[in-house]
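Novice: The structure under discussion is supplied below as structure tokens; questions concerning it will follow.
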């Protein structure tokens, strides 16, 4: 509560740049705290251009020691494609050790019938590899990912002595610009939104490419005492810094609680923000 007894997020408008089904837990938490959540996806997901590598990995998944899952989207892609191939993923992978990058990914894997062996303490792919550094040398590791995934994780695993099979499980593409999304980035939101939450470098890139998106980040970069730009993960924070946002707020991890705490701490600290929102560019 601030000096007036108001919760830090009460009356705030938070723009969440994620697909609706994945944004829902955060939006629900925001609304419970009195904030207005606006979902404006920046990216969406599509099938790989070539299914052959993914299909081969799924058909031979029992030959792997580890399956590294670095996103909920990877879980979804594996589950959907294995069903199309009439492969029981839980059955085929029953002897495979499964590592998840964070709780949300672990939960998605569990719901898909997979038994998660290990969940990273720090919710990053590189942290997952570091925490399992003694477990992967000499073993085959399956790494299903986006076509736009950062190459650091497979490189790190290979340096540790793992035999990494990296396959494109899905493609990350810019979300279609609908008339509704165009309105969201023009007019009132430029003046009224209090924060934007980014979940990936791809979302940052897509946001900048949108009409008005670059203007919003540019204006926000000069008003960071009033406007919260939240990055989920250091890789996303790096993308924001490269775009000119030199002081992004980095959530401690990928959990809803961490994002909420980052937002609450920011707005609790800037007591004179009021309801002005970001200055129009």
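Table: residues versus (1) at pLDDT 95 or above; (2) within 30 Å of residue 220 (Cα to Cα); (3) surrounded by fewer than 20 Cβ atoms within 10 Å (Cβ to Cβ).
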residue: 135; (1), (2), (3): yes, no, yes
residue: 138; (1), (2), (3): yes, no, yes
residue: 142; (1), (2), (3): yes, no, no
residue: 146; (1), (2), (3): yes, yes, no
residue: 149; (1), (2), (3): no, yes, no
residue: 167; (1), (2), (3): yes, no, no
residue: 173; (1), (2), (3): no, yes, yes
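This table checks each residue for (1) in a helix (DSSP H, G or I); (2) touching a helix residue (DSSP H, G or I) at 6+ places or on another chain (Cβ under 6 Å); (3) modelled with pLDDT of 95 or more; (4) at negative phi.
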position	(1), (2), (3), (4)
211	no, no, no, yes
220	yes, no, no, yes
225	no, no, no, yes
229	no, yes, no, yes
246	no, no, no, yes
271	no, no, no, yes
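Novice: On to the next question. Given the residues 71, 82, which is the only one that is within 19 Å of residue 172 (Cβ to Cβ) and touching a residue at least 24 places away in the same chain (Cβ under 8 Å)?
Specialist: On inspection, the qualifying residue turns out to be 71.
Novice: Here's another thing I want to ask about it. Report yes if residue 206 is surrounded by 22 or more Cβ atoms within 10 Å (Cβ to Cβ), touching a helix residue (DSSP H, G or I) at 6+ places or on another chain (Cβ under 9 Å), modelled with pLDDT of 95 or more and in a helix (DSSP H, G or I), otherwise no.
Specialist: Answer is no for this residue.
Novice: Would you confirm, using the coordinates I've provided, whether residue 9 is outside any helix (DSSP H, G or I), at pLDDT 95 or above and buried (at least 21 other Cβ atoms within 10 Å of the Cβ)?
Specialist: So residue 9 fails the test.
Novice: Being crowded, with 20+ Cβ neighbours inside 10 Å, closer than 17 Å to residue 199 by Cα and touching a strand residue (DSSP E or B) at 6+ places or on another chain (Cβ under 6 Å): is that true of residue 35 here?
Specialist: Considered against the rule, which asks whether it is crowded, with 20+ Cβ neighbours inside 10 Å, closer than 17 Å to residue 199 by Cα and touching a strand residue (DSSP E or B) at 6+ places or on another chain (Cβ under 6 Å), residue 35 comes out as no.
Novice: Give 89, 30 a once-over and let me know the one that is under 27 Å from residue 257 (Cβ atoms), buried (at least 21 other Cβ atoms within 10 Å of the Cβ), modelled with pLDDT of 95 or more and in contact with a helix residue (DSSP H, G or I) (Cβ under 9 Å, 6 or more places away or on another chain).
Specialist: 30
Novice: Moving on to the next point. From the list 89, 78, 15, 30, pick out the single residue that is more than 26 Å from residue 229 (Cα to Cα) and in contact with a strand residue (DSSP E or B) (Cβ under 7 Å, 6 or more places away or on another chain).
Specialist: Just one listed residue meets the conditions, 78.
Novice: Here is a further query. Name the residues in region 87-106 that are in a helix (DSSP H, G or I), touching a residue at least 12 places away in the same chain (Cβ under 8 Å) and more than 15 Å from the chain's Cα centre (by Cα), would you?
Specialist: 89, 90, 92, listed by residue number.
One line per residue, one yes/no per condition, for (1) farther than 22 Å from residue 261 by Cα; (2) touching a helix residue (DSSP H, G or I) at 6+ places or on another chain (Cβ under 7 Å):
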{"site": "12", "(1), (2)": "no, yes"}
{"site": "40", "(1), (2)": "no, yes"}
{"site": "43", "(1), (2)": "yes, yes"}
{"site": "47", "(1), (2)": "yes, no"}
{"site": "56", "(1), (2)": "yes, no"}
{"site": "85", "(1), (2)": "yes, yes"}
{"site": "96", "(1), (2)": "yes, yes"}
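The values are calculated or read from the model by the stated rules, or taken from the named source; none is laboratory data. Here the structure is a predicted model, which is why all the values come from computation and not from measurement. Note that we place each Cβ from the backbone using ideal geometry, even for glycine, and neighbour counts take in every protein chain shown.
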